[in-house]
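Structure, as structure tokens:
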Amino acid sequence: MAALLVAFLGGKTGRWRVRRMDPVSGQGLEAVAFVEIVEGLAASPANGAGPWTTESAWVLRGATSNERYVTRAEHDTLVARQEPVGRAASTRAALIPIRKSERWWELAQDERRRIFEERSRHVAQGVGYLPAIARRLHHSRDLGEPFDFLTWFEFAPADEERFDELLDRLRSTEEWLYVEREIDLRLELADGLESG
């Protein structure tokens, strides 16, 4: 999979209206009314001459990348069940930036895999909520960003309760003992709404 650079822009305008912003762990983000998503070269800081660079309260960048911690069987299951973001019925979304502790990053890859899947069952739990919940993971740590991951979820309004259930399950696992900063932003598609 080719990496895709993505910037999430929090400000006064955007395609997604913020319904709420909840700091789960650590410091929150400045409150904003909307989030815009910019992809590709336009999301690069070098190409950030557009008005959004000065009009945004914050810009979070990440890049899609290859999967980590999954086996071939888990990968095949995800590919078979997961649908892409951008579905017409998915008018609700969640942006969840996460930073894990240095203690997590000091672990070897196989140790992180044991915690991530063998003990916390991150993938196994998530598969049960597909295809209703679509997700796209963005890696930020190697870009020098304040978060390690930016996870973007989309779903229909009727599926938000199940999404909350998934989050509760994941947050109760051993893996989440290593999360030191997390914010839960809930959004709705702003098409037809006043956005500025």
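General remarks:
- Boolean, Ala190 is modelled with pLDDT under 95, on the phi < 0 side of the Ramachandran plot and over 17 Å from the mean Cα position of the chain (by Cα): yes
- If the condition is being assigned to a helix (DSSP H, G or I), over 15 Å from the mean Cα position of the chain (by Cα) and in contact (Cβ under 8 Å) with a residue 40 or more places away in the chain, then segment 161-175 contributes Arg169, Glu174, Glu175.
- Residues in segment 101-128 that are surrounded by 13 or more Cβ atoms within 10 Å (Cβ to Cβ), touching a residue at least 12 places away in the same chain (Cβ under 8 Å) and farther than 19 Å from Glu165 by Cβ: Ser101, Trp104, Arg112, Arg113, Ile115, Phe116, Glu117.
- Among residues of segment 146-196, those that are surrounded by fewer than 16 Cβ atoms within 10 Å (Cβ to Cβ) and touching a helix residue (DSSP H, G or I) at 6+ places or on another chain (Cβ under 6 Å), counted: 1
- The residues in segment 72-105 that are among the polar types (S, T, N, Q) and out of contact with any helix residue (DSSP H, G or I) (no Cβ under 8 Å at 6 or more places or on another chain) can be counted, and the count is 2.
- Lone qualifier among Ile133, Ile98 - being under 27 Å from Glu30 (Cα atoms), free of Cβ contacts under 8 Å to residues at least 60 places away in the same chain, surrounded by 20 or more Cβ atoms within 10 Å (Cβ to Cβ) and within 14 Å of the chain's Cα centre (by Cα): Ile133
- Looking across segment 136-145, just one residue is over 19 Å from Val85 (Cβ atoms) and buried (at least 18 other Cβ atoms within 10 Å of the Cβ), and that is Glu145.
- Candidates Ile98, Ile183, Ile115 - the one that is hydrophobic (A, V, I, L, M, F, W, C), more than 23 Å from Arg20 (Cα to Cα) and not in a loop (DSSP other than H, G, I, E, B): Ile115
- Residue within segment 145-155 that is of a type outside the set (D, E, K, R) and more than 16 Å from the chain's Cα centre (by Cα) present: no
The values are calculated or read from the model by the stated rules, or taken from the named source; none is laboratory data. Bear in mind that the values here come from a model prediction, so they are computed numbers and not experimental data. All Cβ positions, even for glycine, are placed from backbone atoms using ideal geometry, and neighbour counts span all protein chains on display.
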